[in-house]
1. How do the strands (runs of 3 or more DSSP E) wholly within the stretch 47-139 filter down when requiring 1 or more residues that are open to solvent by 30 Å² or more (accessible area, probe 1.4 Å) and among the basic types (Lys, Arg): which remain?
2. Any residue in the stretch 46-68 that is of a type in the set (S, T, N, Q) sitting within a Cβ distance under 6 Å of a residue that is part of a strand (DSSP E or B)? List the pairs, counting only those 6 or more apart or interchain.
3. Confirm whether residue 31 is more than 26 Å from residue 184 (Cβ to Cβ), part of a helix (DSSP H, G or I) and at pLDDT 70 or above.
4. Condition first: hydrophobic (A, V, I, L, M, F, W, C) and either within 12 Å of residue 13 (Cα to Cα) or out of contact with any helix residue (DSSP H, G or I) (no Cβ under 6 Å at 6 or more places or on another chain) (or both). Now tell me which residues in the stretch 50-69 satisfy that.
5. Which condition breaks for residue 175 when tested against (1) on the phi > 0 side of the Ramachandran plot; (2) open to solvent by less than 70 Å² (accessible area, probe 1.4 Å)?
6. Inspect the stretch 2-14 for any residue being within 26 Å of residue 87 (Cβ to Cβ) and at pLDDT below 90 and give the result as yes or no.
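The values are calculated or read from the model by the stated rules, or taken from the named source; none is laboratory data. Because the structure is predicted, anything quoted here is derived from the model rather than measured. With ideal geometry, Cβ positions are generated from the backbone for all residues, glycine too; neighbour counts draw on all protein chains shown. We work out accessible area using only protein heavy atoms, side chains counted, and drop any ligands, DNA or RNA first. Shrake-Rupley method; radii C 1.70, N 1.55, O 1.52, S 1.80 Å.
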Amino acid sequence: MKNNTFKTSNAIAYLKKVVKDDDGSNPLTLSQADSPVIKDHGNNLITTYVVDAGNQFKYIQYCDIEADSITAEQLDDVGLNNLAAIAASGELRVAPHANVFAVLLDGNFEASMILLDDLWNDLFRQFVQGNYLIALPTREVLAFCDASSDIGRTELLELIDRLRDSEDHLLSQQLYVRRDNQWVPEKSA
């Protein structure tokens, strides 16, 4: 077991994409203890948990939660609370851009904001009357519009297309709709 050099109490919920075994990469096989703690959302997105180590993020592994005597569910609560604190820090803002709205924060956790139900149920409700439609092509890009807006949908797809070849923390090439506090790929909504 590794020496736990950071506390899980500092963990931040961090959105990532699901990497398929058949994606052409050569996946690294880790023991359960050395594997990162992951919550699968069943929509090609997962939550991982990171601690800011200054110039990089370190992933929380199962050995870390064992060393701190907490469960994966407790880690999720900690991670979401710390993510909410980042959102409440005063830096989170929403900027209109043509027919969509951009969520702006710190360049690391914009896409992770989809994990915070209160933002979508309360704070962002002033911008959208119906269901939300979002694009999150990279970790630092999150944009949304009303799901009934054809112009907004087109602009979100154009945003995804512009960032398709980005090599910086790609997340998803599809749109998501919010239904019953869940994000579902638009095609299956």
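1. Numbers: elements: 57-59, 93-97, 100-104, 132-138.
Strands (runs of 3 or more DSSP E) meeting the threshold: 57-59, 93-97.
2. These pairs meet every condition: 47/13; 47/39; 48/14; 48/16; 48/36; 48/59; 61/36.
3. no
4. Of the residues in the stretch 50-69, the ones hydrophobic (A, V, I, L, M, F, W, C) are 50-51, 53, 57, 60, 63, 65, 67.
The answer is 50, 51, 53, 57, 60, 63, 67.
5. If we test residue 175 against (1) on the phi > 0 side of the Ramachandran plot; (2) open to solvent by less than 70 Å² (accessible area, probe 1.4 Å), just (1) comes out false.
6. Initial filter on the stretch 2-14 (within 26 Å of residue 87 (Cβ to Cβ)): 6-14.
With the extra rule that they be at pLDDT below 90, the set shrinks to 6-7.
Yes: the stretch 2-14 contains one or more residues that are within 26 Å of residue 87 (Cβ to Cβ) and at pLDDT below 90.
A quick yes/no check of all residues on (1) basic (Lys, Arg); (2) more than 21 Å from residue 83 (Cβ to Cβ); (3) without any contact (Cβ under 8 Å) to a residue 60 or more places away in the chain:
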| residue | (1), (2), (3) |
| --- | --- |
| 110 | no, no, yes |
| 116 | no, no, yes |
| 124 | no, no, yes |
| 134 | no, no, yes |
| 154 | no, yes, yes |
| 163 | no, yes, yes |
| 176 | no, no, no |
| 179 | yes, yes, yes |
| 185 | no, yes, no |
